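Have a look at the structure below, then the notes.
Each reported figure results from applying straightforward, stated rules to the coordinates on display, with no laboratory input. All figures in this text were calculated on a predicted structure; none of them were measured in a lab.
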Amino acid sequence: MRPPERWPLHPAPAETESLSSWLRRIATSYGLHSYELLEHGLGHRELSDPELDLDPPTHLLEELARRTGLDQHRVDAMTMAGWVPWLFDSLVPAPGAYETYVHQLSVLLPPNRRNIYAPRTWLPWLPGTGARRGCPDCLESIPTVLLFWQLPVMASCPVHGRRLETYEGRPADYILWTTPAHDQRALPESLSLMDRRTWQAITTGSVDLPRYPVHAGIWFRLLRTLLHELTTAQGRYGRQLDDVRRVWEHCGHPFRAGLFSWQPFETLNWTVQQQLLEAAAAAMELIEAGSLTALGTAAHLLRPEPNPPISDGTRPGRPTATADAQKRPTLDELWKQTVDSLDAAIAAAKADPVVAKQLFDFARYGCRSEESVRGVRETFAELQIPLDFLSHIDDQRPFA
Ligand SMILES: [Zn+2]
């Protein structure tokens, strides 16, 4: 006899519940283990929790959607693969992945002062081993493990306003909370706000920032960029060194989380990752309050709405301005337009030799020495604009 297509029992998944957690709860409702449900209910070999949550076979996800009547998109979103391209560009490590993800934006530091180091094989946010973290309040009410608890992208539960804690065991069977005393600090409001924004990105696809809402994909990259900038080599900070030190003092952790040598955020232990998340939250708070110098191209996203237009000298109270003058953009808006245009030009120049040449001509305008032209070329190299795009113009005027 053909087995029924739809399983009669299938508890609804919690918001952002991981596939392994949901499968376990379905299996429990039949008195089975999840490997037994995989084998007898789906004819599939056993998969470990990390295998289920990372990138399980597509046909398994399709079969699960069919058996439970759940929308395919919701089933896919229980796995990391379902978060490409919002959270990950890809789950296959590729050359240049770090630069593409982390250096696309800049917050604290101007693009030309980004760290030159980048890991060769790297995926954003994914830790090497399966992390066991959760909100004790959430787990007390229902034993579900959320996909995002496994990633060092949030440090607190936005629903209960408390830190995530580490545990051993398996929710629903047994659980032993193992958070060390030094990680049981009070939750700073800045971190709580940052995590609420991350949660908004996860659950709604966009984040309300002070200036305007941004797509979740921008938010995740903005956050990852800031985490990078806060651990970049000290020499790259230049005159901003004192500002960056102030961020670390503000959150009460040692400068650069006490790291002696640079390494990507993903490879750090959870205690250090939490310190970095706190520093990123503190930096955002200070930028938003206007008390931290942020020279990156995306820093304006964190600043509140610009002040009313700067006066052109006309005495207030005398409505002599024309309609055109009233619509005149503020300096802040003009600066944003400039930054956006430059970002777009740089992105286009990476792929188009004609745009690259135009940008190069613009950048070397006013260069009076071979050395300064060389500086422009170095900047192009740092921005990953192919220098061979410029080779055919080398024979032309050396500098304007
Ligand atoms: Zn909670």
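Amide H contacts for Arg162 (H built 1.01 Å from N in the peptide plane; partners 5 or more residues away or on another chain; cut-off under 5 Å): Cys157. Would region 19-83 count as rounded, prolate or oblate if I go by the C-alpha gyration tensor, calling it rounded below 1.5 in a/c and otherwise prolate when a/b exceeds b/c, oblate otherwise? Prolate is the answer for region 19-83, as a/c is 1.5 or above and a/b outweighs b/c. Taking a ≥ b ≥ c as the square roots of the eigenvalues of the alpha-carbon gyration tensor, region 181-274 is classed prolate because a/c is 1.5 or more and a/b outweighs b/c. Take every pair of alpha-carbon atoms less than 8 Å apart whose residues are at least six positions apart; their mean separation over the length of region 6-73 yields a relative contact order of 31 percent.
Close amide H partners of Ser206, meaning residues 5 or more places away or on another chain with modelled amide H under 5 Å apart, are Ala216.
Couplings for region 236-247, taken from phi via the Karplus curve 6.51 cos²θ - 1.76 cosθ + 1.60 with θ = phi - 60°, read 7, 6, x, 6, 8, 3, 4, 4, 5, 4, 5, 4 Hz in order; Gly and Pro are left as x.
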